[in-house]
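To start, the structure itself, in structure tokens.
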Amino acid sequence: MILINNLKLSLDTDFSNLSPVIASALKISQNRISKASLYKKSVDARHKDNVHFCCSVLAEILGDEQKLIKRFKNTQLYTPKKYTWEKAELGERERPVIVGFGPAGIFAALTLAKAGLKPIVIERGKSVDERSCDVDNFFKTGKLNPESNVQFGEGGAGTFSDGKLNTGIKNPRIRTVLEEFVRAGAPENILTDAKPHIGTDILKTVVKNLREQIISLGGEIRFSSKFEDISFNETGINHITVNCENIPCSNLILATGHSARDIFSMLKAKNIEMMRKPFAMGVRIEHLRRDIDTSLYGAFADHPALGAADYKLVTHLESGRDVYTFCMCPGGEVINSSSEPHRIAVNGMSKNARNGENSNSALLVGINPEDIEGDDILGGCALQEKIEKSAFKIASGKVPITTIGSFVFGEDFKIGKVKPSVKPDTANADFDDIFPKFITESLKKGIVEFDKKIHGFADKDAILTAPETRSSSPIRILRDEKGVSPSLFGLYPCGEGAGYAGGIMSAAVDGMKIAESVIESYKK
């Protein structure tokens with residue numbers, strides 16, 4: 001089988017019949033092509049008068065494929081790599097326990113379940129259907145359930161997001177994760193899109209189906225179960241406490257998200273080694289979807305093959321600060337993602353169709369450990385909480401918003417063509433009363449710089465919603481090359497909350513890697 005790269009194809013290409021395209025690229029007869037399929041597809045919009053797809057395709061060619069590879073530099077032999085699920089015997093040992101059922105916890109549980117180790121999953125939040133009811137009620141009334149919300153519950157924070165699956169990591173497990181998503185109900189195009197996404201509406205079904213698969217393999221999922229304490233001696237963990245009940249445990253995968261600050265505090269009290277790490281905070285920026293589509297795709301903006309446009313921007317300011325966009329949600333909405341009373345935190349969310357009125361993105365400022373006052377290992381968490389409390393107070397419990405016209409150009413606040421999508425209520429606020437000055441000044445400069453890259457980014461009607469504080473964890477729970485905490489044998493920190501991932505895919509892959517380490521310990 002041959003992989004042909006860098007094929008420039010029209011937006012009107014019929015991807016159900018790629019033989020003519022391959023025959024033209026390889027200068028052979030279509031009769032020699034026994035099989036053809038799309039491998040990867042991305043949009044090339046660098047030139048607005050020639051927006052097209054850049055694709056890689058797979059083909060089985062009758063005859064000597066090596067001769068074709070020698071003739072064409074963008075071709076290579078392709079051999080699919082199949083992930084092998086490890087197996088182990090549980091025997092008389094305690095079942096492994098996973099705390100957290102977000103992407104890392106789900107794929108750690110799936111890997112352990114396929115190995116035959118019958119994992120127990122502890123999740124403080126509710127199942128996705130019950131959780132969705134709590135989230136919908138919060139959006140309508142503002143009444144928060146601290147244990148069932150956008151941050152806590154089945155699927156983790158990613159369930160109420162764009163379901164974005166692109167990642168900067170290179171790992172052979174990525175394909176396996178995508179295939180498991182498809183088997184669980186995700187659209188098949190996530191296997192071929194260069195920037196795949198599922199959408200929150202479909203993700204809810206996907207995580208339920210993954211849960212049912214884990215249960216069918218002997219796993220157990222305990223919802224509304226809060227991890228409260230961990231007991232250990234010089235040889236390692238002996239039990240954990242969940243809802244005041246002691247559960248025997250010698251292997252614990254800690255896959256809590258970065259919003260579980262109470263877990264960080266508990267680990268600190270237990271002298272579990274952690275370190276500060278760089279993170280970021282900022283706002284959500286919201287434009288009209290049609291304006292972003294037109295700016296990026298020009299006259300091709302309405303082409304049905306494209307869908308809503310997305311972007312990823314970064315600038316390095318003279319101050320040394322980085323400002324960048326993150327988790328862009330085309331055709332999505334900004335959501336109140338608070339998980340604690342009297343605090344405000346926001347995020348973005350899209351459905352699979354990405355056909356909402358607005359497009360939004362996190363607009364973040366990089367924060368380094370040396371930016372945090374004092375020597376408290378949890379100083380970054382404290383800064384997050386301070387900002388979230390200030391946001392709640394300044395807006396009297398509503399979600400703080402402003403416009404670029406007001407924030408960047410000093411004009412009087414007024415809502416223009418862009419209407420804020422966040423629910424239930426908003427209030428105009430001075431962001432200088434919410435953030436440290438280095439964040440607001442960096443945001444202002446970043447917006448001006450990004451307008452040079454995307455015309456209209458600094459549209460005075462664009463809405464800014466604050467604060468986006470949960471983009472990444474400000475701490476890392478240390479682990480060795482086998483994934484084990486150097487402070488406590490049997491503790492495996494994992495995923496975004498532990499500081500080892502930055503999105504659905506990297507968290508899922510980290511969950512698999514750590515589960516493989518646990519499997520090895522059972523083999524021994």
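The values are calculated or read from the model by the stated rules, or taken from the named source; none is laboratory data. Small disclaimer: the values here were computed from a predicted structure and weren't measured. Cβ placement follows ideal geometry from the backbone for every residue including glycine, while neighbour counts extend to all protein chains displayed.
Conditions tested, residue by residue: (1) of a type in the set (F, W, Y); (2) in contact with a Leu (Cβ under 6 Å, 6 or more places away or on another chain); (3) under 14 Å from K398 (Cβ atoms); (4) not in a loop (DSSP other than H, G, I, E, B).
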position	(1), (2), (3), (4)
D432	no, no, no, yes
F435	yes, no, no, no
I439	no, no, no, yes
K444	no, no, no, yes
I447	no, no, no, yes
I454	no, no, no, no
F457	yes, no, no, no
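Taking the criterion of being touching a helix residue (DSSP H, G or I) at 6+ places or on another chain (Cβ under 9 Å) and either on the phi > 0 side of the Ramachandran plot or aliphatic (A, V, I, L, M) (or both), the residues of the stretch 392-421 that qualify are I394, V399, I404, V408, V418. Reported count of residues in the stretch 439-461, each being farther than 17 Å from S406 by Cβ and hydrophobic (A, V, I, L, M, F, W, C), is 2. Inspection of the stretch 72-82 identifies no residue that is at pLDDT below 95, closer than 21 Å to S216 by Cβ, more than 32 Å from the chain's Cα centre (by Cα) and not in a strand (DSSP E or B).
For the criterion of being farther than 24 Å from I174 by Cα and either in contact with a His (Cβ under 7 Å, 6 or more places away or on another chain) or modelled with pLDDT under 95 (or both), R93 passes.
Output yes when any residue across the stretch 164-174 is loosely packed, with under 15 Cβ neighbours inside 10 Å, farther than 27 Å from L252 by Cα and modelled with pLDDT of 95 or more, and no when none is. The answer is no; no qualifying residue exists.
Please verify whether the stretch 176-191 includes one or more residues that are touching a Leu at 6+ places or on another chain (Cβ under 8 Å), assigned by TED's automatic domain parsing to the domain that holds G155 and over 23 Å from T84 (Cβ atoms). No, the stretch 176-191 contains no residue that is touching a Leu at 6+ places or on another chain (Cβ under 8 Å), assigned by TED's automatic domain parsing to the domain that holds G155 and over 23 Å from T84 (Cβ atoms).
For G511, state whether it is under 23 Å from the mean Cα position of the chain (by Cα) and without any contact (Cβ under 8 Å) to a residue 60 or more places away in the chain. In short, no.
If you check D291 against the conditions, is it in contact (Cβ under 8 Å) with a residue 40 or more places away in the chain, acidic (D, E) and in contact with a Ser or Thr (Cβ under 8 Å, 6 or more places away or on another chain)? Taking the combined requirement at face value, the residue does not satisfy it.
At pLDDT 95 or above, over 30 Å from I504 (Cβ atoms) and crowded, with 17+ Cβ neighbours inside 10 Å: does that describe I394? Taking the combined requirement at face value, the residue satisfies it. Considering (1) within 23 Å of S161 (Cβ to Cβ); (2) assigned to a helix (DSSP H, G or I); (3) in contact with a Leu (Cβ under 9 Å, 6 or more places away or on another chain), the lone condition that E388 does not fulfil carries the number (3).
Here's the yes/no breakdown for (1) surrounded by fewer than 24 Cβ atoms within 10 Å (Cβ to Cβ); (2) among the small types (G, A, S); (3) over 24 Å from the mean Cα position of the chain (by Cα); (4) part of a helix (DSSP H, G or I):
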site	(1), (2), (3), (4)
A466	no, yes, no, no
S472	yes, yes, no, no
R479	yes, no, no, no
L488	yes, no, yes, no
M505	no, no, no, yes
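As a summary of the residue check, S224 satisfies the conditions (1) surrounded by fewer than 19 Cβ atoms within 10 Å (Cβ to Cβ); (2) free of Cβ contacts under 8 Å to residues at least 60 places away in the same chain; (3) at positive phi except for the one numbered (2).
What are the residues in the stretch 1-60 that are surrounded by fewer than 16 Cβ atoms within 10 Å (Cβ to Cβ), in contact (Cβ under 8 Å) with a residue 60 or more places away in the chain and over 22 Å from I174 (Cβ atoms), if any? Within the stretch 1-60, L11, D12, K48, D49 qualify.
Quickly run through the stretch 277-314 and pick out the residues that are surrounded by fewer than 22 Cβ atoms within 10 Å (Cβ to Cβ), part of a strand (DSSP E or B) and not β-branched (V, I, T). If the condition is that a residue be surrounded by fewer than 22 Cβ atoms within 10 Å (Cβ to Cβ), part of a strand (DSSP E or B) and not β-branched (V, I, T), then A280, L288 are the ones that fit.
Considering (1) in a helix (DSSP H, G or I); (2) surrounded by fewer than 22 Cβ atoms within 10 Å (Cβ to Cβ); (3) touching a residue at least 60 places away in the same chain (Cβ under 8 Å), the lone condition that F264 does not fulfil carries the number (2). On the given criteria, is K437 surrounded by fewer than 24 Cβ atoms within 10 Å (Cβ to Cβ) and free of Cβ contacts under 8 Å to residues at least 12 places away in the same chain? In short, yes.
Residues considered: E385, E357, E370. Of these, the only one that is at pLDDT below 95 and surrounded by fewer than 23 Cβ atoms within 10 Å (Cβ to Cβ) is E370.
Every residue in the stretch 229-269 that is of a type in the set (S, T, Y) and in contact with a Lys or Arg (Cβ under 9 Å, 6 or more places away or on another chain), please. Selection gives S250, T256, S259.
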